[in-house]
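Peer 1: Here's a structure for you.
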Amino acid sequence: MSPINYVYLAALLFTIGASGVLVRRNAIVVFMSIELMLNAANLTLVAFSRMHGNLDGQVMAFFVMVVAAAEVVVGLAIIVMLYRSRHSASVDDASLMKL
Amino acid sequence: MSALGSAGAVPSLWMVAEGEKLKAPDIEFSQLSPTLIVLGVAALGIVLEAFLPRRSRYGAQVFVSLLGLAAAFAAVVALAATGSGGTKAQIAGMGAIAVDGPALFLQGTILLVAIVSVFIFAERRLEPSAPGAQVDSFAAQPASVPGGEGEREATKAGWTTTEVFPLLLFAVGGMLLFPAANDLLTLFIALEVFSLPLYLLCALARRRRLLSQEAAVKYFLLGAFSSAFLLFGTALLYGYAGTVNYSGIARVISNADATTDPVLAQTMGNDALLLIGGALVIMGLLFKVGAVPFHMWTPDVYQGAPTPVTGFMAAATKVAAFGALLRLLYVVLPGLRWDWRPVMWGVAILTMLAGALVAITQTDIKRLLAYSSIAHAGFLLAGVIATSEDGVSSVLFYLAAYSFVTLGAFAVVTLVRDAGGEATHLSKWAGLGRRSPLLAAVFAVFLLAFAGIPLTSGFAGKFAVFKAAAEGGAGPLVVVGVIASAIAAFFYLRVIVLMFFSEPQADGPSVAVPSVMTTSAIAVGVIVTIVLGVAPQYFLDLAGQAGVFVR
């Protein structure tokens, strides 16, 4: 199978992730959708790496995994902190600053 | 790695014959020393945090941070003095990092901003002190629930979050890398390295912790969302060009090398990859810059974050992000300029007008400054659109001028306080000029600089940017910019009128007497504002010499 099909799949995953961020209300689920977008980018990188026959894309995928892990640490810390002070992780409830 | 790419069959790429040695990369440590020093000192700060007793951490952290930032600034000056900014500009770290004029100029600016920010972070006179311990404006124990038992105990014990200094240094390290990144991978890593500490710093306010936590969640979710877009754009550009190196992509776009590679010929023919990829990467950068329509996070985050962090973020993030945007548009995508210029025209016009118009309706001084920063992002974009050497150097000058005004303005905001902490509502600022003429006069200087009144740095910066834009064929943009400046001048002057010509309220705020730290930070802001306004020529020349990118 041509590796370009993986790019189409990745574009689909990225779109699902982006719409998840926009429509879901729970901060954890929003965050999971963002992770899906990062993984879609990873799949694209690996597929193009295979197509072009160089390793840049695969190396980048490793970097992205490490960055995603670091982002999980920071993100979950912030979301858990919000949950502990409000007993809700809904992004709609966090609206103290609305005009 | 890209040299390997042309080697025949795919499997040979990840197999090495027995006995064959892998070649280690060459790293030019002296060229990279500013970033390395800052990140090294940040790691040292973590170690200090782990091993020093609580009472001696504050002094050690402040000392080490200032020393590290000063050493990094000295390294930048040494590099510039030996010609790395001009004739000897080069690409270091195996093509990952450019050491050239714009990079060094912006790194120097970011480091100076960071030094002043450490002073504002370290201020301990403003909050009422616990017995035996003075505290700063960061939470006693960020992990404790606001209003809970843990918070009460930590506050009573006089604890402070000294981790803010290593976090600040990590953010600065990423920001130093950001405008110097010379491939898309480094760009993404630098973006994350400076964003993640900023998300945390936003959540650490001592007062109004719910607001602060909310700001951190919003900043984090939207920031991660935008960096995912940037990463996907990176992946598409890699698919288009088969490399993530800036000059490599630029060569493929301009079709300079006749390719014999059938795959590359196929992906190069696919303009969708290039256009969508470029648009997504630019979108990620415009988010960090705070340009309309990617500005939604700015007012909430600026309002909720602790004010010292807001000042640092408003000044340094803008410098770093505009540096990266300039390099991307001028080095990677100059071949696409007929495609991105119309889009950036629209973004710049929207940003200038929306920032200035919405700022009029604001009633909170931090939100007002946030919208003003959006409007200023629009003025800077006008300089970016000029696509000339003058455009680059005028943006560099504007960034240096603007960042010190912003830092000074937010430092003043930390001083106007009432029983609930900082009094940020505009009605509380009424009559401040009668109660505390000096502070109000200083703030008026900053507001006049924001408005771009002659004899302040804001005028020199705006003039340089608009001149470059007009010469670069963006005349209508300059007209819109002048109109937006006039609208913006209205609400800056309204605050000045409020401070000097209205009656003070009976329950108005008091002006805290800061220690020498905040005083010197504000003094630096005023001095830079006036010097760059009265005698800008030396600094314009400096920025002019730094206006050429290496590729």
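The values are calculated or read from the model by the stated rules, or taken from the named source; none is laboratory data. This structure is a prediction, so every number in the text was calculated from the model and none was measured. Glycine gets a Cβ as well: all are built from the backbone with ideal geometry, and neighbour counts include every protein chain shown.
Peer 1: Within region B:99-112, is even one residue in a helix (DSSP H, G or I) and either without any contact (Cβ under 8 Å) to a residue 12 or more places away in the chain or among the β-branched types (Val, Ile, Thr) (or both)?
Peer 2: Yes, region B:99-112 has at least one match.
Peer 1: Continuing with this model, one more query. Please tell me if residue B:133 is over 25 Å from residue B:516 (Cα atoms), more than 14 Å from every other protein chain (Cβ to nearest Cβ) and either touching a residue at least 40 places away in the same chain (Cβ under 8 Å) or of a type outside the set (D, E, K, R) (or both).
Peer 2: So residue B:133 fails the test.
Peer 1: Moving on to the next point. What are the residues in region A:59-76 that are under 18 Å from the mean Cα position of the chain (by Cα) and either crowded, with 17+ Cβ neighbours inside 10 Å or at the interface with chain B (Cβ under 8 Å from one of its Cβ atoms) (or both), if any?
Peer 2: A:60, A:61, A:63, A:64, A:67, A:68, A:70, A:71, A:74, A:75
Peer 1: For residue B:188, are the conditions met, namely being within 14 Å of chain A (Cβ to nearest Cβ), within 14 Å of the chain's Cα centre (by Cα), crowded, with 24+ Cβ neighbours inside 10 Å and outside any loop (DSSP other than H, G, I, E, B)?
Peer 2: No.
Peer 1: Answer with yes or no whether residue B:261 is within 12 Å of chain A (Cβ to nearest Cβ), of a type in the set (D, E, K, R) and surrounded by fewer than 24 Cβ atoms within 10 Å (Cβ to Cβ).
Peer 2: The answer is yes for residue B:261.
Peer 1: Just checking, how many residues over region B:228-247 are among the hydroxyl-bearing types (Ser, Thr, Tyr), more than 7 Å from every other protein chain (Cβ to nearest Cβ) and crowded, with 24+ Cβ neighbours inside 10 Å?
Peer 2: 3
Peer 1: Quick check on region B:267-282. Is at least one of its residues in contact (Cβ under 8 Å) with a residue 60 or more places away in the chain and assigned to a loop (DSSP other than H, G, I, E, B)?
Peer 2: Looking for residues that are in contact (Cβ under 8 Å) with a residue 60 or more places away in the chain and assigned to a loop (DSSP other than H, G, I, E, B), one finds none in region B:267-282, hence no.
Peer 1: I'd like to know if region B:383-406 contains one or more residues that are without any contact (Cβ under 8 Å) to a residue 40 or more places away in the chain, on the phi < 0 side of the Ramachandran plot and out of contact with any Phe, Trp or Tyr (no Cβ under 9 Å at 6 or more places or on another chain).
Peer 2: no
Peer 1: Of all residues in region B:396-415, which are of a type in the set (S, T, N, Q) and touching a strand residue (DSSP E or B) at 6+ places or on another chain (Cβ under 8 Å)?
Peer 2: The answer is B:414, and nothing else.
Peer 1: A follow-up question, please. Yes or no: region B:140-150 includes at least one residue that is of a type outside the set (S, T, N, Q) and either assigned to a helix (DSSP H, G or I) or modelled with pLDDT of 95 or more (or both).
Peer 2: Within region B:140-150, one or more residues are of a type outside the set (S, T, N, Q) and either assigned to a helix (DSSP H, G or I) or modelled with pLDDT of 95 or more (or both).
Peer 1: Name the single residue, out of those in region A:13-42 being of a type in the set (Ser, Thr, Tyr) and surrounded by fewer than 19 Cβ atoms within 10 Å (Cβ to Cβ), that is nearest to the other protein chains (Cβ to nearest Cβ).
Peer 2: That would be A:15.
Peer 1: I've got another one for you. Has region B:154-162 got at least one residue that is in a helix (DSSP H, G or I) and either within 14 Å of chain A (Cβ to nearest Cβ) or not small (Gly, Ala, Ser) (or both)?
Peer 2: Looking for residues that are in a helix (DSSP H, G or I) and either within 14 Å of chain A (Cβ to nearest Cβ) or not small (Gly, Ala, Ser) (or both), one finds at least one in region B:154-162, hence yes.
Peer 1: For region A:77-99, which positions are facing chain B (nearest Cβ under 7 Å) and under 17 Å from residue B:193 (Cα atoms)?
Peer 2: Answer for region A:77-99, where residues must be facing chain B (nearest Cβ under 7 Å) and under 17 Å from residue B:193 (Cα atoms): just A:78.
Peer 1: Evaluate the following for residue B:215: is it in contact (Cβ under 8 Å) with a residue 12 or more places away in the chain, within 7 Å of chain A (Cβ to nearest Cβ), more than 26 Å from residue B:550 (Cα to Cα) and buried (at least 23 other Cβ atoms within 10 Å of the Cβ)?
Peer 2: No, not satisfied.
Peer 1: Among the numbered conditions (1) within 14 Å of chain A (Cβ to nearest Cβ); (2) more than 19 Å from the chain's Cα centre (by Cα); (3) β-branched (Val, Ile, Thr), tell me where residue B:253 comes up short.
Peer 2: Result: residue B:253 passes all but (1).
Peer 1: How about region B:283-305: which of its residues are touching a Phe, Trp or Tyr at 6+ places or on another chain (Cβ under 7 Å) and more than 10 Å from chain A (Cβ to nearest Cβ)?
Peer 2: Once the filter is applied, which keeps residues that are touching a Phe, Trp or Tyr at 6+ places or on another chain (Cβ under 7 Å) and more than 10 Å from chain A (Cβ to nearest Cβ), region B:283-305 yields B:283, B:284, B:286, B:287, B:289, B:294, B:297.
Peer 1: Please pick out the residue among B:137, B:144 that is small (Gly, Ala, Ser) and out of contact with any Pro (no Cβ under 7 Å at 6 or more places or on another chain).
Peer 2: Every option except B:144 fails the conditions.
Peer 1: Out of the residues in region B:87-125 that are surrounded by fewer than 21 Cβ atoms within 10 Å (Cβ to Cβ) and farther than 30 Å from residue A:56 by Cα, state the one that is modelled with the highest pLDDT.
Peer 2: Among them, the one singled out is B:115.
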